[in-house]
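Taken together, the values in this text are just the output of simple stated rules run on the coordinates, not laboratory data. This structure is a prediction, so every number in the text was calculated from the model and none was measured. Virtual Cβ from ideal backbone geometry, glycine too; neighbours counted across all protein chains shown.
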């Protein structure tokens, strides 16, 4: 079992830390919200006074924070912890942030001889709780080899996307594509329904045909077609529109930096912003179906 | 074995008729291009002098024509053949046409007591030759039940989308979604590559994640990632950009008629038209990847 | 003064007929809504029993109907009036319809030796009442020369766009561009405001710069910037979102027929449909500003 | 007459400096390209050894650089010149950069008691040479009052957009709108031409109607319609596609930072990138017309 430092105990980080504790690891934990620390302590973690204390005498350090600014601040800001970390510690950042931020922090770590991985996750709160997250990892083979048993306590799929920052790039590419699939599926279903088709029949036909995609396979956005998905529960839970917009913003930033054209992803982002403007920010992203359902002919 | 009339012996209809002959059916055939009729005759079909002759004394009549105008003209035009068809004949139109045209012709057939199915196909020339087409069928259960053994000689998947015209609706919904998947996949792959990822690694990650879709599964648009697809053969063959634009046009027509919003499909259509304008009309539709590859930063 | 037959006495046609009466012309009028006929009779028009009676013994015949289907039905349907019209009668259709419908009807008229103009208007109900409409005319020079004095009683600008149907084409091109200008102006204003600018100051800068356009000049969509426009009156009145969507549908139809790419116009149409879905169908089209105003950051 | 320091003597900065010399000002100039300095020296400027020397003993300091990174590096980088500038010097940055960069530099200047304006220009090389640029200025009233006589030597229109950074915001809003107007105008003209209209006639109708905008007024993109514009000269000269893409990138950055939706501007950016991919990066931005002209039906 390993000694692990963990910073960021929110909706995602909390259950991830919990799964590490269940697997028998020793955890030193910190979060700026005391209640989150308390909850983790009750599960067996050792609370410490600040981020800097979490890196003392640990084998692995893991962070799970909301955005680039928090990650940069934690590691390389004026009070950055990289300076405190023993170079033998394996550092894993599970936050979803800009690839450029991930590279910046990884490079700063490398300068101090620290092996660092960017390992953003997909699977949402459900995956974090159930220990079924997918990790998309950027960094060295050696680092990932060392990280695998730890990551396996929190998730079931681990992909190696490439060098430092590659995990972030792969995640935002995937989520940009996901936003396009979902929006495209929603409008295709509605076009069919408007022209007299049964959405379940059409879904099944497209799922088995060249329109087949993850939304039709596992996350149908049309109410009543699939059980156990947000569409069947008034779009509660799941992957929030607000978070999809965050990820699409990261994709757009990356596209701006390389001069890439992303017409479909750009349009999806703009549609999701309009959708959020209608009050759907805290609903699942498959609720984009409502943008098409609510038309008046 | 059945007696079958068949009109339209082009790239698709020719091999379909051929497969019916191989299965032991008797065919009366017609096409306005004599060479196509000759070729079919050599395979055992009986050439007749015109469309009207193909419907005499047959159990089943099949048409495979380029567009709505041809289908309407064949069946209900001034010289329309519906008037010639024995009501006991099962009529199957395999053309991809506007749902409104399909309904119009089906209704005219029904008025004469004729059972008619719209049964557009997917699978392209390869599927037609190999007898592995997918049929997406609109019409009555009874009609489809009767048609199944015949269709099974030409294809391997048969979907029942609903009543008259529903086959056309389902096909254009699927193909609109397909255009969105393909374009979205192409831009996501390029965004990843521009940011340093290996397209094969990124493809594999997204295929197994929430970005998974048919393009990543079976038809990767990025050169060098997948064997045996048009991307590996300079985008030759496959499903032509010109045909995708035709199908997107049918989807847009249907959307206009019902007042549906199809933002992603509309954008895909406009991108495909710009792509055609660059000389890609006769290339496979996965060549949309080139729109993103050829950028200059 | 002329003897004029007039069919279609709604929001637009009613005041147009009224202005013709005020100018001293004799009118025979018909509408399927008796109240509209009564109102016109009170202003001096002669009500007749049906459309066919309006064309008897007149110099000019004018129609103002909602859509292509009504115009085709009036002129060339089973009970079409073309057969009743004296070839010396000048026929002017002021409806906004599909160019293909306008051409079809004009050709049918020409076959009977009748000179027909398509003369769709812009300027809305206000322009109809005030006699300040703009006519965009398709048809022969000779026809337009004869029509000018009549049109001048109802409007102040008369443009000759070309041959039969050209008036319709020019109008839908203009209105498609207008939808793009308005949406683009709304989002540019909001981008500025979100970044700290005063919308009036930004409007004035862009108006005098290369962003200058009719929306900034005469119809600013941002509340509080301009007096006497719908933005200052909760987007009441003006040119309804529903009507803009109708015109964009005609533009999309024309684009489909010629295979044209209209990426900006297509996007504008889809945004307007989503906007209508939010309950703005009966508001002025500059209310698209609300799609951008209501965002939550 | 004033003593002026000037850094950045390229296509824009060179002629701007030249006009200041012609107006009788004394200039100390620097550029990293010696030839550009030489050229300016021949016109009467005093070359100095580096940027830091240009700020010694001057009343006004002006910079004209390609991008945010250069401006930040000049003023606040490790060798930043703000530390060298006498607080009585008026500082004017005429570069087009990110509003966030402009604010950052202005704030750093303010901390040292220096009055700084952001004053990006429009009007291109022609405007720079002819002294007819438009300045869109952010900063204090007092600063702008002092700057006016100097700016008037280089341009003819001066707009005050607001506080620090507002000049940049207003410019990118304007140019984003411009890209939308131009693209929308190009596709509307092509839709008309495809449907049989004369582009000059249609341009004139829309110019006088609600489709009226700067492109139709002064910069018609359709070849042969207007004299003296890039469309009449194979789209040579003018405002390069590469530069429009740069400005659209700044607009997208600003939109990402505030969470704004910019669907039309995003689409225009993506279309311009595809257009650049076809080899049009060094052509005038009205060449987007070619994207629509080159279609094959």
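The mean of 1/r over all distinct Cα pairs in the range C:169-293, once inverted, gives the Kirkwood hydrodynamic radius of 14.7 Å. Over chain D, the reciprocal of the mean inverse Cα-Cα separation, the Kirkwood hydrodynamic radius, stands at 20.1 Å. Extension gain, residue D:234-residue D:198: 0.36 nm per intervening residue step, less the Cα-Cα distance, totals 11.0 nm. Across the range B:235-295, the fraction of Cα-Cα pairs farther apart than 20 Å, rounded to a whole number, is 26%. Sorted shortest first, the separations between the residue C:126 label point and its copies elsewhere in the assembly read 3.5, 5.3, 6.0 nm; each point sits 7 Å from Cα along the Cα-to-Cβ line.
For the peptide A:66-74, the mean number of other protein chain Cβ atoms found within 10 angstrom of a residue's Cβ is 0. The alpha carbon gyration tensor of the protein assembly as shown gives principal lengths a ≥ b ≥ c with a/c of 1.5 or higher and a/b no greater than b/c, which makes the shape oblate.
Here the range A:148-171 is scanned for amide nitrogen atoms under 16 Å from the site 7 Å beyond the Cα of residue A:23 along Cα-to-Cβ, giving A:148-160. The calculated FRET efficiency for residue C:46 paired with residue D:132, based on their beta-carbon distance and R0 = 51 Å, is about 0.25.
If you average the alpha carbon positions of the range D:1-49 and of the range B:154-214, how far apart do those two centres end up, in angstrom? Computed from Cα coordinates, the inter-centre distance equals 57 Å. In terms of its alpha-carbon gyration tensor, the range C:103-190 comes out oblate; a/c meets the 1.5 threshold, while b/c is at least as large as a/b. Taking the Cβ-Cβ separation of residue D:125 and residue A:11 as r and a Förster radius of 41 Å, what is the calculated FRET efficiency to the nearest 0.05? Efficiency, rounded to the nearest 0.05: 0.15. The residue in chain A that lies nearest, by its beta carbon, to the axis linking chain A with chain B is given here with the distance in whole angstrom as A:213, 2. Going from the residue with the fewest nearby Cβ atoms within 10 Å to the one with the most, A:46, A:185 rank A:46, A:185.
Label-point spacing for residue D:23 across the identical copies (point 7 Å from Cα in the Cβ direction), in nm and ascending order: 5.5, 6.8, 8.4.
Note on the range C:52-150: the alpha carbon radius of gyration divided by the globular reference 2.2 N^0.38 Å gives 1.02. When residue A:38 is represented by a point 7 angstrom out along its Cα-to-C-beta vector, the spacings to that point in the other copies are 7.5, 7.6, 9.1 nm, nearest first. As a calculated quantity, the FRET efficiency between residue A:257 and residue B:208 at R0 = 25 Å, using C-beta atoms, amounts to about 0.40. Distance between the 7 Å Cα→Cβ label points at residue D:282 and residue D:56: 3.9 nm.
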